[in-house]
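Worksheet: the structure to be examined is printed underneath.
The values are calculated or read from the model by the stated rules, or taken from the named source; none is laboratory data. Being a predicted model, the structure only gives us computed values, none of them experimental. Positions of Cβ are backbone-derived with ideal geometry, glycine not excepted, and every protein chain shown enters the neighbour counts. Protein only, heavy atoms only, side chains kept; ligands, DNA and RNA dropped before computing areas. Shrake-Rupley method; radii C 1.70, N 1.55, O 1.52, S 1.80 Å.
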Amino acid sequence: MLEVAIAGKQLTNAAGERFDVLGALTFRLSAGEVGAVVGPSGCGKTTLLRIIAGLDRDVQGRVALPPAARIGMVFQEPRLLPWRSVEDNIRLLAPDADEATLAKLFVTLELSAHRHHFPGELSLGLARRVALARAFAIKPDVLILDEPLVSLDAALAARLRDEIATLVDSRPVTTLLVTHSIDDAAKLADRIVLLSERPARILAEVPISVPRAARSATDIAAISAEIARLGGGIGPPADFAAPSRLTAPRR
Amino acid sequence: MLEVAIAGKQLTNAAGERFDVLGALTFRLSAGEVGAVVGPSGCGKTTLLRIIAGLDRDVQGRVALPPAARIGMVFQEPRLLPWRSVEDNIRLLAPDADEATLAKLFVTLELSAHRHHFPGELSLGLARRVALARAFAIKPDVLILDEPLVSLDAALAARLRDEIATLVDSRPVTTLLVTHSIDDAAKLADRIVLLSERPARILAEVPISVPRAARSATDIAAISAEIARLGGGIGPPADFAAPSRLTAPRR
Amino acid sequence: ADTIRLAVQKTGTVSWELKVIRDRGLDRDAGLDLEVTELASPEAGKIALRGGSADVIVTDWLWVSRERGLGARLLFYPYSSAVGAVMVPSASPITTLADLKGRKLAVAGGPIDKSWLLLQAAAKQDGIDLRSQASIAYGAPPLLAQKTLSGEMDATLNYWNFCAALEAKGFRRLVGIEELLPRLGAKGRVAMIGYVFDEGFAAAHGDAVARFIAMSRAAKEILASSDQAWDAIAPLTGAPDAATLRAYRDRYREGIPRRPIADEEADARALYRVLAATGGAEIVGPAAELDPGTYYRGLPGG
Amino acid sequence: MLRLWSFATFLASWWVGSLLAGETLLPSPLTVLTAIVAEARSGALLFNLGVTLLRVALAFALAMSLGTALGYLMGRVRAADRFGDPWLILLLNLPALVVIVLAYIWAGLTETAAIAAIAINKLPNAVVTIREGTRALDPALDEMARVYAMPRWRAFRHVVLPQLAPFIAAAARSGLSLVWKIVLVAELLGRPNGVGFEIGTAFQLFDIARILAYALSFAALVQAIETLLVQPFERRASRWRRHA
Amino acid sequence: MLRLWSFATFLASWWVGSLLAGETLLPSPLTVLTAIVAEARSGALLFNLGVTLLRVALAFALAMSLGTALGYLMGRVRAADRFGDPWLILLLNLPALVVIVLAYIWAGLTETAAIAAIAINKLPNAVVTIREGTRALDPALDEMARVYAMPRWRAFRHVVLPQLAPFIAAAARSGLSLVWKIVLVAELLGRPNGVGFEIGTAFQLFDIARILAYALSFAALVQAIETLLVQPFERRASRWRRHA
Ligand SMILES: Nc1ncnc2c1ncn2[C@@H]1O[C@H](COP(=O)(O)OP(=O)(O)OP(=O)(O)O)[C@@H](O)[C@H]1O
Ligand SMILES: Nc1ncnc2c1ncn2[C@@H]1O[C@H](COP(=O)(O)OP(=O)(O)OP(=O)(O)O)[C@@H](O)[C@H]1O
Ligand SMILES: [Mg+2]
Ligand SMILES: [Mg+2]
């Protein structure tokens, strides 16, 4: 379960100017639900995630997570410890993970060959997968993903998207996902939150009624079109537009 | 003009193991041509770009660039100087750029409000745009772009893609672009190079005959489908497949 | 046996005497158990005494009087009257103090050195202001001795042991400080340095102190009369050759104090006034006169 | 505010210490203040502080600039490191006394000898710190500068120097204190003035109040430089750091 | 190889220097070697080296561990920095002499006093360097550790310490040399043995050959520690760095 009720958030830059990053933002994910946040570049998505993760408490309003929830987070950059091997990077944070789980994770993320490499020896795509592995390995109750699937080729991204879906369906992991890919959002999310330009407000909150596993290509195209219509400039070009059947905007 | 004739490239990891990153790779871009490199995550694309940019000379084979070519490069991460403002980051590398050019660039990349900010105060998407602005500002003869359009929302990415096309069409800038987005490749490139898994070899080299400006949505869908067919797993799912009319694979 | 903790400079003459004492068993004879801490610099002894790590050290009466003026209860008993001298190369044109005008004079021990103050006072009687009329270089004594040897300095006022070493290398004594003392109001050679200990220690161990001083005197007599004794301590002196050792021996023997305490104190009092006049309060502290209790008089017949 | 508190704690503990130890062994703040005032009145304090500060400044500037250059070279060029390392360790572990004595012997009891000796003593410390900083440089930024064909000096100034800044700051701060420890020995052994000379003289007399008077005056001077010059500069230079 | 060359250059320039300056002012390598052998034969060399090394090791360990802790605290906590800064600058600029004399007076001419005094002299340098390193820590990794609720000690060990490593290395290297410079003063002023004591004695006799014999033996010892212990460790610890 995740409740966000933010009234506003300001930041101060080095020049000492204070400005609004977030406006009023309220939404809620039930336990096990997957939310996707979509919004223009620089609108405040990462700021929102940092607040939810508890990294920034200087905010008007409140964020409620289940007490003592384990948080797994994939930052927008990999944020690995350069001086520890791939395996150590994961084991350090997930000391309870057993060998079998790790091995399976490495296979899924196609990292088995890189277990003993240092982060500096990885390509960006590999490093991002390690960051994903780390978030999965701790068996999180809450999963916060900041553009988890960029810098991966389409086939791999698709497989990992399915993997996230499997994880979320196998255990109740409340997940919040920032993405610029409407396709990813349409395929993974139970609820899509569309944000405005900075200061970010909610343009629309789109619950998706068709269960993830049952969504057809047409369903997904329809959701994408709906998002494009609601989100102004953020969606794919207009030739994708199709009548909405599956989604019902709340505002 | 850019000629790549690499016979092979090895790397050594911290454990002292030497392994092949690139296999034999030969291709050629004429002056002003745009090449797109597409390949699976971790196959060696960044390694290839580093060799072309002259950052790694320990390679079998050779790479030929026009003598004294100005190189503009967008790395996979922004690589800005954290201690200099956005404007200074650009001016330091492009001391000859006049105010009008810079101002126009900032407007195009929607960075005007961030001129005097430090990189640490930017979102990742903003930082990547600064890296793009830097590469454009020096008026490059050769442009090397490692996934330039990730972490940007779809609308902005589309605008910037057009911007790159405009730049390339206005002056003869030989451009090599790494991307995981077949769509971007199909819309921008004159020639698409499909790479295999590591060690990267050329799976196929696809010259595109329709001029960039004249490509219709159908053309683009056709190119994408062709790439998907040739590239094995890397392309979009099979339901995109369509008969090829515009592309002619060389091998 | 009574224990006396002694802090001495390893390269000083006290170490020479101690060697004689140990070799001849004088300490055993005197019923004393000497605990000797060897130290590497002259100031270390003062730290040892003030820090309570030593009972007896060797230093000068000027400091004792100054400390007494500041409240410390220290006592002084003459140890040696050997003092420094101004040394010049044998071929040097300098023959009188007046010739030092415009010359480079190296002064060991810095501006507060006793010999230096006395030399200035004597020169002043001849109408010479050495401080302004000669070019003065202060520095560490061994370094200055070397600098004079190498010709960088025209003359050096240095401690007696460095002067002895220079003498052995063919340098000439322009003037020994002891020769100046009569002109400054002293009646004879004054022992500038001596054993220094706390009043409390002397009161508690009066007998041991007496035996200690007697033992030291016995050692001095041996060094005064026996040339063989010098061969035994030769390695301690660091003398590179026989000539230097001979110079050390002769100067050492001259420096053995043989006058009654009362005479010593009277002369010290006179010199103190000279020092106070030349060096000011910085040197002597708040008191204008030698502190009356400076000299240890606890010895029978002392 | 906190600084004031800190200062007050210091004064208080000193005062109590001197009450416990007695005036001669640890003079009270008041005694030392009196000594400072006396020295200041006579003009000696200002003169000696000035002389020492000049020596410190010259030796420090010499050692820091040369040390930064050498440290950078050794951090960058493998061969230079291999070649220079034994020299470095030798210099690093040569006692100050030895260097100073040798300098005085070779170059005479001159100002030049003193300053050179102090600089040589400090040099290896600067080299070691800057070399460590150079090894920690980010290769990613380096590559960026190379691709964009940034002129050498410009790249050094804008790409390298800011990364070295914390190391330079550390070298400067701890280096200043080292220089100051060594200038004292140099002045003690062969200079006719300066704080070290005065402290040496006072030490011969065991005049702890005067020793503290000079030592604390110098510390206060450095404190002032630190507060008025170094810290504002540092704040400006690190504006870009994300404030937590 | 290059190291050997470097050593050869050193020996050659020393030899030429001694030929030019004359044996008394700069003894030739051979003379110094003879002095080293003589001291070694008598057992004095080994004993004094050992004693000094022990003091150095203890004081160094004390100062480095305490200094790292304090420096980290001051780099992290604003209030601690504000409070500690004036003390730091005071300690940094208090002459070694003053600290040593005060320590000897307070705690007697004891081994404890000597080691404490040396450690106090070195402490502020370690603090300053580590504080600088702490300020340069990457907040991104910090946030990662916080989100993942990494236990404090584990985060310090695996996230913070590796980032501080170059600063610790710099502090250790330049610190070791500082300790060694100070141990000399401490031994000069109040210890009856050790390399500093021997050098002080030799200086009184102006026996430069013996001064160099001790100074170079100690430098060789540190060189050996450096080559056999520190550098292999360093190589292992920095394996992860991308080699250019
Ligand atoms: N410095 C290095 N040392 C050892 N191995 C390296 C090094 N740099 C890259 N590699 C390895 O070489 C391979 C190619 O890396 P490269 O960065 O070129 O991949 P890429 O195609 O750019 O991948 P991505 O799409 O994820 O960016 C990877 O397997 C990577 O782990
Ligand atoms: N530490 C900071 N100081 C000042 N401004 C900041 C800071 N961090 C972020 N900002 C600004 O706040 C705004 C929101 O940033 P945020 O990183 O949340 O954007 P985002 O939505 O994640 O963008 P992107 O899609 O590019 O990742 C941006 O305009 C950014 O410049
Ligand atoms: Mg973001
Ligand atoms: Mg790459």
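Structure notes:
- The listed residues are A:Val21, A:Val74, and the only one of them that is within 16 Å of ligand 1 (Cβ to nearest atom), β-branched (Val, Ile, Thr) and in contact with a Leu (Cβ under 8 Å, 6 or more places away or on another chain) turns out to be A:Val74.
- The lone exception for A:Arg50 - which of (1) within 12 Å of ligand 3 (Cβ to nearest atom); (2) in contact (Cβ under 8 Å) with a residue 12 or more places away in the chain it fails: (2)
- Residues that are farther than 11 Å from B:Ile144 by Cβ, more than 9 Å from ligand 1 (Cβ to nearest atom) and touching a Lys or Arg at 6+ places or on another chain (Cβ under 9 Å), drawn from the stretch B:31-62: B:Gly32, B:Glu33, B:Val34, B:Ala36, B:Val38, B:Asp56, B:Asp58, B:Val59, B:Gln60, B:Gly61
- For the stretch B:76-96, a residue qualifies if it is open to solvent by 40 Å² or more (accessible area, probe 1.4 Å) and either within 16 Å of ligand 3 (Cβ to nearest atom) or acidic (Asp, Glu) (or both), and the qualifying residues are B:Glu77, B:Asp88, B:Asp96.
- For B:Pro237, the stated conditions hold: it is modelled with pLDDT under 90 and either surrounded by fewer than 22 Cβ atoms within 10 Å (Cβ to Cβ) or in contact with a strand residue (DSSP E or B) (Cβ under 9 Å, 6 or more places away or on another chain) (or both).
- Extreme residue, nearest to the chain's Cα centre (by Cα), among residues of the stretch B:134-150 that are within 11 Å of chain A (Cβ to nearest Cβ) and either away from ligand 2 (no atom under 16 Å from the Cβ) or open to solvent by 10 Å² or more (accessible area, probe 1.4 Å) (or both): B:Asp146
- Candidate set from the stretch A:42-75 (those that are in a loop (DSSP other than H, G, I, E, B) and either within 16 Å of ligand 4 (Cβ to nearest atom) or at positive phi (or both)); member that is surrounded by the fewest Cβ atoms within 10 Å (Cβ to Cβ): A:Ala68
- Counted residues, the stretch A:4-26 - those being of a type in the set (Asp, Glu) and either within 25 Å of the chain's Cα centre (by Cα) or modelled with pLDDT of 95 or more (or both): 1
- Yes/no for B:Ile164 being among the β-branched types (Val, Ile, Thr), more than 12 Å from ligand 2 (Cβ to nearest atom) and closer than 19 Å to B:Ala31 by Cα: yes
- Selection count, the stretch E:152-202, where residues are more than 9 Å from every other protein chain (Cβ to nearest Cβ) and in contact with a Pro (Cβ under 9 Å, 6 or more places away or on another chain): 0
- When residues of the stretch E:211-242 are limited to those that are within 13 Å of E:Pro166 (Cα to Cα) and in a loop (DSSP other than H, G, I, E, B), the one least open to solvent (accessible area, probe 1.4 Å): E:Ser238
- Scope the stretch B:196-217; condition touching an Asp or Glu at 6+ places or on another chain (Cβ under 9 Å), assigned to a loop (DSSP other than H, G, I, E, B) and farther than 17 Å from B:Leu29 by Cβ; matching residues: B:Arg198, B:Pro199, B:Val210
Yes/no matrix, rows are residues, columns are (1) in contact with an Asp or Glu (Cβ under 6 Å, 6 or more places away or on another chain); (2) more than 14 Å from chain A (Cβ to nearest Cβ); (3) among the acidic types (Asp, Glu):
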{"site": "B:Asp20", "(1), (2), (3)": "no, no, yes"}
{"site": "B:Gly32", "(1), (2), (3)": "no, yes, no"}
{"site": "B:Gly54", "(1), (2), (3)": "no, yes, no"}
{"site": "B:Val59", "(1), (2), (3)": "no, yes, no"}
{"site": "B:Arg70", "(1), (2), (3)": "yes, yes, no"}
{"site": "B:Ala94", "(1), (2), (3)": "no, yes, no"}
{"site": "B:Ala97", "(1), (2), (3)": "no, yes, no"}
{"site": "B:Leu109", "(1), (2), (3)": "no, no, no"}
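- Selection from the stretch C:124-134 of residues that are closer than 14 Å to C:Pro111 by Cβ and either small (Gly, Ala, Ser) or at the interface with chain D (Cβ under 8 Å from one of its Cβ atoms) (or both): C:Ser132, C:Ala134
- Checking E:Leu109 against (1) in contact with a Gly (Cβ under 8 Å, 6 or more places away or on another chain); (2) within 14 Å of chain C (Cβ to nearest Cβ); (3) under 21 Å from D:Lys181 (Cβ atoms); (4) buried (at least 23 other Cβ atoms within 10 Å of the Cβ), the condition it does not meet: (3)
- Of A:Ala155, A:Ala131, A:Ala113, all but one fail to be modelled with pLDDT of 95 or more and either out of contact with any helix residue (DSSP H, G or I) (no Cβ under 6 Å at 6 or more places or on another chain) or surrounded by 19 or more Cβ atoms within 10 Å (Cβ to Cβ) (or both); the exception is A:Ala131.
- Qualifying positions in the stretch B:122-139 - more than 16 Å from ligand 1 (Cβ to nearest atom), among the small types (Gly, Ala, Ser) and touching a residue at least 40 places away in the same chain (Cβ under 8 Å): B:Ala127, B:Ala133, B:Ala135, B:Ala137
- Every residue from the stretch C:160-177 that is closer than 17 Å to C:Pro257 by Cβ and modelled with pLDDT of 90 or more: C:Gly176, C:Ile177
- Scan of the stretch C:71-117 for residues that are open to solvent by less than 10 Å² (accessible area, probe 1.4 Å) and part of a helix (DSSP H, G or I), ordered by number: C:Leu100, C:Trp116, C:Leu117
- The single condition from (1) modelled with pLDDT of 90 or more; (2) of a type in the set (A, V, I, L, M, F, W, C); (3) open to solvent by less than 30 Å² (accessible area, probe 1.4 Å); (4) away from ligand 4 (no atom under 16 Å from the Cβ) that A:Ala225 fails is (1).
- Checked against the criteria, D:Arg76 does not count as among the basic types (Lys, Arg) and crowded, with 21+ Cβ neighbours inside 10 Å.
- Selection within the stretch A:167-180 - modelled with pLDDT under 90 and either open to solvent by 30 Å² or more (accessible area, probe 1.4 Å) or within 16 Å of ligand 3 (Cβ to nearest atom) (or both): A:Leu167, A:Asp169, A:Ser170, A:Arg171, A:Pro172
- Among residues of the stretch E:203-244, those that are more than 14 Å from chain C (Cβ to nearest Cβ) and touching an Asp or Glu at 6+ places or on another chain (Cβ under 7 Å), counted: 1
- Between A:Asp184, A:Asp162, the distinction of being crowded, with 21+ Cβ neighbours inside 10 Å and either within 24 Å of A:Ile138 (Cα to Cα) or within 14 Å of chain B (Cβ to nearest Cβ) (or both) belongs to A:Asp184 only.
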